[in-house]
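What follows is a single structure, written as structure tokens, with notes after it.
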Amino acid sequence: MKIFKSILLVITILLFLMLILIGSWAIWEHHRNPIKAIDMDPGKVTLTSDSILTSNLLSTYRKIILSTERIGKIEALISQPAETPPRGLPVVIILGGLEIGIQNFQLIPNPGNNVIIIYRYPYSPRYWYDGAAVNQIPIIRRSVLSVPSQVVTLKKWVDQQIWTDEERTCIIGYSFGAMFIPSVYHLAAYKKVSLQPGVIAYAGADIFDLLKTNLKNLSQPFRTMVVWIATTAIYPVEPALHLPHMNNEFLIINGTKDHQVSEYSWRKLHQLIPEPKTIIILDEGHMHPNKPELTMKLVQISQKWLFEKGVINP
């Protein structure tokens with residue numbers, strides 16, 4: 001009996017210490033300066049791969065890999081018009097969903113006389129919706145927190161290319177990628193990297209709510225615990241922390257039938273984004289690869305708005 005009591009005491013002490021450690025970690029994550037957490041020095045940046053995937057009379061499609069000393073490889077797909085004027089071309093960097101590839105260029109039927117770049121995330125499995133990936137939270141955390149610095153580093157590399165019009169470069173985000181736009185634009189401003197007006201489509205401003213809404217294959221109370229741990233792990237990219245610091249103009253698009261981003265979350269996003277801003281609310285559900293018509297509609301809305309703002313060419 002004494003042995004069981006001793007074991008129970010040890011377990012109780014260990015659980016208590018674990019709660020103290022987790023609580024201390026959570027307090028630190030939720031109160032530290034988020035810009036310091038995502039401001040990662042890439043070190044030396046080198047173009048290590050530049051391959052042509054396909055080309056035609058109008059455009060060339062390439063895949064590039066930038067190697068960095070400290071923030072991993074940066075991969076991107078580029079659609080570039082056949083001819084480049086002396087002043088260069090406007091550049092649109094797209095942060096899309098998790099599963100992206102060259103086929104996504106087909107959803108931009110009229111790219112115009114612009115360079116389109118699709119950024120590829122450093123960690124691509126669909127962990128955002130998969131509760132089975134809980135054991136990979138540390139890897140996910142490192143990858144997610146590196147995204148803003150990777151995108152800003154990619155933008156700085158783009159500015160060095162002869163085909164770039166440095167005064168007309170913007171970043172737009174759709175769905176998963178839209179979550180990063182506030183932290184990317186905030187970090188760019190902090191690093192004095194110039195960006196033009198951008199687009200935030202189908203995003204919200206509360207990571208906890210977003211994860212809770214999407215991790216539906218987990219039962220309570222385990223679900224709440226996992227969501228809380230995951231939220232804390234990637235809290236420095238919480239949009240609500242960065243939205244008030246974005247000193248640019250944005251187009252924000254959401255849908256009334258969206259079951260992946262709650263109305264509470266997207267209305268909070270709308271409220272926190274400073275003026276000037278344009279808000280469009282569609283009578284649509286969430287964008288999905290199985291709904292290419294909706295994606296192309298969002299692309300057309302984005303193109304029209306960016307053209308009216310003088311950011312891109314027709």
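Every number here is computed from the coordinates shown, using simple stated rules; none is lab data. Small disclaimer: the values here were computed from a predicted structure and weren't measured. Every residue, glycine as well, gets a Cβ built from its backbone with ideal geometry; the counts of neighbours run over all protein chains shown.
Taking Lys and Arg as +1 and Asp and Glu as -1, the other residues whose beta-carbon sits under 11 Å from that of Ile281 total -2. Under 5 Å between amide hydrogens, built in the peptide plane, is the criterion, and for Ile279 it picks out Ile252 among residues at least 5 positions away or on other chains. Annotation: the antiparallel percentage among DSSP beta bridges lying fully within segment 32-308 is about 50. Length gained on full extension, Glu263 to Asn56: 70.2 nm, using 0.36 nm per residue less the C-alpha separation.
Sequentially through segment 65-71, phi angles give Karplus couplings (6.51, -1.76, 1.60; θ = phi - 60°) of 10, 9, 9, 10, 6, 10, 10 Hz, Gly and Pro residues having no value and appearing as x.
Per-residue 3J(HN,Hα) values for segment 298-314, derived from phi via the Karplus relation 6.51 cos²θ - 1.76 cosθ + 1.60 with θ = phi - 60°, read 5, 4, 5, 4, 5, 4, 4, 5, 5, 5, 5, 8, x, 7, 10, 8, x Hz in sequence order (x marks Gly and Pro). Three semi-axes describe the equivalent ellipsoid of the chain; taken as square roots of 5 times the Cα gyration tensor eigenvalues and ordered largest first, they are 38, 22, 18 Å.
About its Cα centre, the chain has a charge dipole of approximately 840 debye under the convention of +1 per Lys or Arg Cβ and -1 per Asp or Glu Cβ, with nothing else charged. Taking the empirical scaling 2.2 N^0.38 Å for compact globular proteins as reference, segment 227-296 has a Cα radius of gyration ratio of 1.25. Counting 0.36 nm for each residue step from Glu293 to Thr46 and taking away their Cα separation leaves a gain of 85.1 nm. Run the helix sum for the chain: -39,500 (n - 2.57) per DSSP H stretch of 4+ residues, divided by residue count, reported at 222 nm to the nearest 500 deg cm²/dmol. Computed mean residue ellipticity for the chain: -12000 deg cm²/dmol. In a DSSP loop and with at most 15 other Cβ atoms within 10 Å, the GluC sites (Glu not before Pro) in segment 30-98 are Glu69, Glu83.
When the chain is treated as a Gaussian network with alpha carbon springs shorter than 10 Å, the biggest mean-square fluctuation among Ser146, Ser24, Ser302 belongs to Ser24.
Axis angle, to the nearest 10 degrees, between helix 181-190 and the longest C-alpha principal axis of the chain: 80 degrees. Between segment 160-196 and segment 232-265, the alpha-carbon centres lie 16 Å apart. When Tyr264, Tyr190, Tyr119 are sorted by how many other C-beta atoms sit within 10 angstrom of their C-beta, beginning with the fewest, the order is Tyr264, Tyr190, Tyr119. Residues in segment 241-252 carry Karplus couplings, in order, of 6, 10, 3, x, 9, 7, 9, 9, 9, 9, 9, 10 Hz; the curve used is 6.51 cos²θ - 1.76 cosθ + 1.60 with θ = phi - 60°, and Gly or Pro positions show x.
Based on the Kirkwood approach, the hydrodynamic radius assigned to segment 161-314 is 16.3 Å, with every pair of different Cα atoms included. Taking amide hydrogens as placed 1.01 Å from N in the peptide plane, the amide H of Ile312 sits under 5 Å from those of Phe307, each at least 5 positions away in sequence or on another chain.
With K and R counted +1 and D and E -1, the other residues having a Cβ less than 12 Å from that of His259 yield a net charge of -1. Take each peptide in 291-299, 89-97, count the other Cβ atoms within 10 Å of every residue, and average; sorted highest first, the result is 89-97, 291-299. Estimated at 0.36 nm per residue, the fully extended path between Lys36 and Glu99 surpasses their Cα-Cα distance by 19.8 nm. Positive contributions from Lys and Arg (+1) and negative ones from Asp and Glu (-1), summed over other residues with Cβ under 13 Å from the Cβ of Leu243, come out at 0.
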